[in-house]
1. Treating only the Cβ of Lys, Arg, Asp and Glu as charged (+1, +1, -1, -1), what charge dipole size does segment 46-182 show about its Cα centre? Round to the nearest 20 debye.
2. Please list 3J(HN,Hα) in residue order for segment 261-269, calculated via the Karplus relation 6.51 cos²θ - 1.76 cosθ + 1.60 where θ = phi - 60°; whole Hz, with x for glycine and proline.
3. Roughly to the nearest percent, how much of the accessible area of segment 47-92 is carbon and sulfur, given a 1.4 Å probe?
4. Provide the per residue accessible area, probe 1.4 Å, for segment 240-359, rounded to a whole number of square angstrom.
5. Tell me whether segment 43-182 comes out rounded, prolate or oblate; compute the Cα gyration tensor, take square roots of the eigenvalues as a ≥ b ≥ c, and use a/c under 1.5 as the rounded threshold.
6. Accessible surface of D177 in the full protein assembly, 1.4 angstrom probe, to the nearest 10 Å²?
7. Would you mind telling me the antiparallel percentage of the DSSP bridges in the chain, rounded to 5?
8. How much of the accessible area of segment 94-192, probe 1.4 Å, is carbon plus sulfur, in whole percent?
Amino acid sequence: MKKNMPALLKITLATALLVAASPALLQQASVYAQAESTDFEIKLAPLNIQIEDQLLEVPGGKSVDGDTYVGLSFLSQKLGLTTAWDEATKTVTVSAPNKKMSMMNQSTKYAMNGREFYKPLPPVIVDGTTYLPLRLLLEQMGYQIGYNDQNHVVSITKIQENELTLTNKSDSKKITDNQSITINYPQIEGWANSAASTKINAFIQSEIEKYKDAANKELSKNGNVYPYSLDVNYQITYNQKHKLSLYFEVYTFTGGAHGSTSHDAHTFDLDTGNELSLQQLTSNNTNYKTIINQEITKQLKERQLESDLLEPFESIRDDQGFYLKDDTVVVYFGLYEYVPYVLGILEFPIPLSAFAAAK
């Protein structure tokens, strides 16, 4: 398979995390960088939030780019999440069953169940009150976020996630001052079908060994003369209805102006432990490629990306990268595959309903 694996921090160039009315219209063009802190400001404004049949006005704010923030107290008072604040370290902790997420004021560095990762939006303290990036936080904690563009109402729906725990495994090695390998990967625990989870865990471990082997070959080829770093992290994008979808974020640096970033996505059937193909995910629709190609062409036009293409888009590959997210399948393309580096890894979310309706 053509590998498309990304880096530590995704700085979104397109739409804000919440402002888009439909995920199918989100522009996923991104650039990647490593950073731990920033000087970030938000403008306070109340949010209208719909939770089931309740319409609430809660403390919130917007960044200059339109990113939506919510007051920390809302999470415990209205969603039942457990929150804690450590004044000495300026650290916020938000907890749910099987999940614990921590973050620091003005830092883009987060931790979920001990796994560290980077996101572009930091927590912000304004007048003694902590505000958190709403979509970023709640999607990590198992909620689906929607937005009604007409009445400016945010909808929050609790997702019924699979009854399992994803534990983080780490493997780091510093070879020299300018050579290192850092790897994080998930393992499934507590799933009722232990044979299936064991099979998935073994597959993930085998993928990690491939990354290690590639890194060791690169290091043995160049010795300790040249800089080299490999950073493997991951994002869980779907954990529902007996399916688990994720992608590895892989960043490699071998010197030069910037490193190389890519995605490597996998979607599993938790009943069998098998990896699912793109056609299997799209209702086994024999015309799935045609439907996807048409949707990508449409989104390229809507997002005004046609003039940025390095070559005309004609069709997805047989081994096209994809992952599940909410009610969509997200098809993605690697750096330089169709657009310049600055536009990053292009992603095209396509509603799963489009494939069932076309059968």
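1. The dipole of segment 46-182 has a size of about 480 debye.
2. Karplus-based 3J(HN,Hα) across segment 261-269 equals 10, 6, 10, 9, 9, 9, 10, 10, 8 Hz.
3. 47 percent
4. Per residue, segment 240-359 has an accessible area of 43 Å².
5. Because a/c hits 1.5 or more and a/b exceeds b/c, segment 43-182 counts as prolate.
6. Using a 1.4 Å probe on the heavy atoms, I get roughly 150 Å².
7. If we restrict to bridges inside the chain, about 90 percent are antiparallel.
8. 43 percent
The values are calculated or read from the model by the stated rules, or taken from the named source; none is laboratory data. Note that the coordinates shown come from a computational prediction; the quantities given were computed from them, not determined experimentally. Every residue, glycine as well, gets a Cβ built from its backbone with ideal geometry; the counts of neighbours run over all protein chains shown. These accessible areas exclude ligands, DNA and RNA; they are computed on the full protein's heavy atoms, side chains included. Shrake-Rupley method; radii C 1.70, N 1.55, O 1.52, S 1.80 Å.
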